[in-house]
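Every number here is computed from the coordinates shown, using simple stated rules; none is lab data. Please read these numbers as outputs of a predicted model, since none were measured by experiment. A quick note on method: Cβ atoms are made from the backbone with ideal geometry, for glycine too, and the neighbour counts reach across all protein chains shown.
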Amino acid sequence: MRARVGLICDCRNVDGQAAHLVLEPYVSAVRDAARALPLLLAALEPPLDHDDILNAVDGLVFTGSPSNVAPHFYGGAPAREPKNEDLHRDALALPLIRTAVAAGIPTLAICRGAQELNVALGGTLFQQVQEVPGRFDHRERKEAPLDVQYGPAHEMNVVAGGLLARLTTERRFTVNSLHGQGIDKLAPPLKVEAVAPDGQIEAVSLFEPRGFLLGVQWHPEWRWPEHPVSRAIWSAFAEAMRPSAS
């Protein structure tokens, strides 16, 4: 029987109604790359019960999103564009991360998900990475075609001795980049797995994991068969959900 993976939904307004959404590349990657059954976890109010979720899934994917984690969760200044917040998702995702970490549930956190992981465990975020001295502009060109937006953007340097270094022999590889926010102060339980050439933290894991946990700022769900590192990440996530891995 296939493993079951819960994917965290955004809560967005569609024609005046709340809609719970996950972009298809995440769903397809869970089905095809992780060889698992994708289950969408709606960002309802009040949030779904965490124990019910963990009893229903074998792994979790915290997806990317155009929305940002509300800055009051990490003591940040008020957001310039509060409309880009998704408080329903925050209410589901942040406590669920802490529950999943404590339970050792295999977890892959992507883009916003990596930022949620850092905030949930006590870290902070840059709200505008491009305004930090020495940092690149990591945002996509929204007017460009999707293939360009998700195309190669910058190199990544893998930290020796970490989880990523065990998953791939590549010590430097190119990733896409579609984020305006990024990790500032690293949460104490986390360690750095990879950094961009400008020093921006781009991948993290736990110092003392009870199960598989990886947060990446780029998008390994996008055309994953074409990228060896993406294939390795999804394969490791899938392997962690096998009954023999628990």
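Among 153, 77, 232, the largest mean-square fluctuation in a Gaussian network model of the chain, built with springs joining Cα atoms closer than 10 Å, belongs to 77. Considering only 156, 124, 37, the residue lying farthest towards the positive end of the dipole of the chain is 156, judged by Cα position with unit charges set on Cβ.
Amide H contacts under 5 Å for residue 109: 62, 214, 215, 216, restricted to partners 5 or more places along the chain or on a different chain, H placed in the peptide plane at 1.01 Å from N. Considering only 230, 138, 183, and ranking their Cα positions along the charge dipole of the chain that arises from unit charges at the beta-carbon of Lys, Arg, Asp and Glu, the one farthest toward the positive end is 230. Couplings 3J(HN,Hα) of the stretch 211-216, computed from phi: x, 5, 8, 9, x, 10 Hz, in residue order, whole Hz [Karplus 6.51 cos²θ - 1.76 cosθ + 1.60, θ = phi - 60°; x for Gly and Pro]. Placing unit charges on the Cβ atoms only, positive for Lys and Arg and negative for Asp and Glu, gives the stretch 151-238 a dipole magnitude near 220 debye about its Cα centre. Couplings 3J(HN,Hα) for the stretch 230-235, derived from phi with the Karplus relation 6.51 cos²θ - 1.76 cosθ + 1.60 (θ = phi - 60°), are 4, 4, 5, 5, 5, 5 Hz, where x marks Gly and Pro. Applying a DSSP loop filter and a limit of 13 other Cβ atoms within 10 Å to the chymotrypsin sites (Phe, Trp or Tyr not before Pro) in the stretch 174-225 leaves 207. A full extension of the chain between residue 4 and residue 31 corresponds to an added length of 8.8 nm, given 0.36 nm per residue minus the alpha carbon distance. For residue 13 and residue 128, the FRET efficiency from 1/(1 + (r/R0)^6), where r spans their Cβ atoms and R0 equals 25 Å, is about 0.55.
A simple charge model with +1 on the Cβ of Lys and Arg, -1 on the Cβ of Asp and Glu and nothing else charged puts the dipole of the stretch 86-178 at about 260 debye relative to its Cα centre. A simple rule links phi to the HN-Hα coupling: the Karplus curve 6.51 cos²θ - 1.76 cosθ + 1.60 with θ = phi - 60°, which for the stretch 92-109 gives 7, 6, 5, x, 5, 4, 4, 5, 5, 4, 5, 8, x, 6, x, 9, 10, 10 Hz, with x for Gly and Pro. Placing R0 at 30 angstrom, the Cβ-Cβ distance between residue 223 and residue 136 gives a FRET efficiency of 0.85 after rounding to 0.05. Its Cα centre serving as origin, the chain has a Cβ charge dipole (Lys and Arg +1, Asp and Glu -1) of approximately 520 debye.
Using a simple spin-label model with pseudo-atoms 7 Å out from Cα toward Cβ, residue 210 and residue 171 lie 3.5 nm apart.
Calculated over the chain, the projected area of the Cα convex hull averaged across directions stands at 12.9 nm².
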